[in-house]
Amino acid sequence: MGFEFNTFSKQFSSCKSCKERFSAVALLNDDQLEGLQQNCREITLKKNDHIYHEGSLTSHIVYLRDGLVLEYKKSENGRDQVVQIIKSLSYLGLNSLFGDRINHYSCKALNDVKVCYIDVETFKNLVRSNGDFAYEILVSVSRDNLNSHRRFLNINAKQTFGKVADALLYFGTIIFGSNTFKLPITRDELGSLLGITRESTTRALAKFQNEGFIKISGSNITLLQPEQLQKISKTG
C-alpha cells in the first residue's frame, strides 16, 4: 500500500458498534465481527492525502466511513484522468481485489475523511465463509459498475452544456442532497470528469450563472433553477 499506520491518526475499529458500517457487516456473526475488528484500522486523513496509489499492491480493502474521495488514473499523456467521486459508506478497491492484485486507480481525500483499512485476506475469508455477506458485496460491486457504465454513456452522448448541467445535478442530488453545496473539486478536475476542457467547463458555468440557473461564489454553488438544468441535461 505504501502507507505507515504511525503517520496518521489511528485507532482500532469497533466494527460491532460502528454507526457508519456497511450494510453487509450486519450479516456477520460475532466471531466474524471479532476477526474483522482485529484486522481493521480506522485512520483519519486530511484533504489531499492519498489513500492508495495506482500501481500499488492490493494489500488492504478500504472502507470509506466518512468524507469524499476522488478516484483517478494517469492517462497516456501523463495527465490525471478523473474517474469518479466516491462518497461515504463505500468500499474502495473491490474491483482490484477480485480482478487483480494491483490497484488500477489512485484515490485521494477531497476533505478530511475517516477510512478503515481492512486486511485483504481477512476480507476474502469473510466473502468465502459468509454467503449473505458475499451477496451484499457482489450487489455493491455490480451497482457501482452499472452506475459507472451509465455515466460513461451519458457523458459521450451529451454536449458540453448537458454534461455540466448533469454534473451540477449529480453533486446537488446524489453527493450532497442539497441545492447549495461547495464544489469539492477544481475546474480542471471537473472538466476531466466530464471529458471536456477547463475552459469549456468555466464557460458553461458562467452561462448558467448569467441566465440565473445557478449562483456561484468561489467554490460555493447554489442551484437556483434545477428544473432548467434538468432540461439542459436531457436535451444537451
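The values are calculated or read from the model by the stated rules, or taken from the named source; none is laboratory data. A quick note: this is a predicted structure, and the numbers were derived from the prediction, not measured. Heads up, the Cβs are rebuilt from the backbone with ideal geometry, glycines too, and the neighbour counts pull from every protein chain shown.
Here is how the numbers come out for the structure above:
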read-out: Helices (runs of 4 or more DSSP H) contained in region 114-201 and holding at least 2 residues among the charged types (D, E, K, R) and surrounded by fewer than 17 Cβ atoms within 10 Å (Cβ to Cβ); value: 120-129, 131-157, 187-194
read-out: Search result, residues across region 79-104 that are outside any strand (DSSP E or B) and under 17 Å from Gly195 (Cβ atoms); value: Arg79
read-out: Residue list for region 169-202, filter: among the aliphatic types (A, V, I, L, M) and closer than 21 Å to Ala109 by Cβ; value: Ile174, Ile175, Leu183, Ile185, Leu190, Leu193
read-out: Options Gly93, Gly177, Gly162, Gly172; residue that is touching a Phe, Trp or Tyr at 6+ places or on another chain (Cβ under 9 Å) and assigned by TED's automatic domain parsing to the domain that holds Leu223; value: Gly172
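Quick grid of which residues meet (1) more than 24 Å from Val25 (Cα to Cα); (2) basic (Lys, Arg):
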site: Ser90; (1), (2): no, no
site: Leu94; (1), (2): no, no
site: Lys108; (1), (2): yes, yes
site: Asn111; (1), (2): yes, no
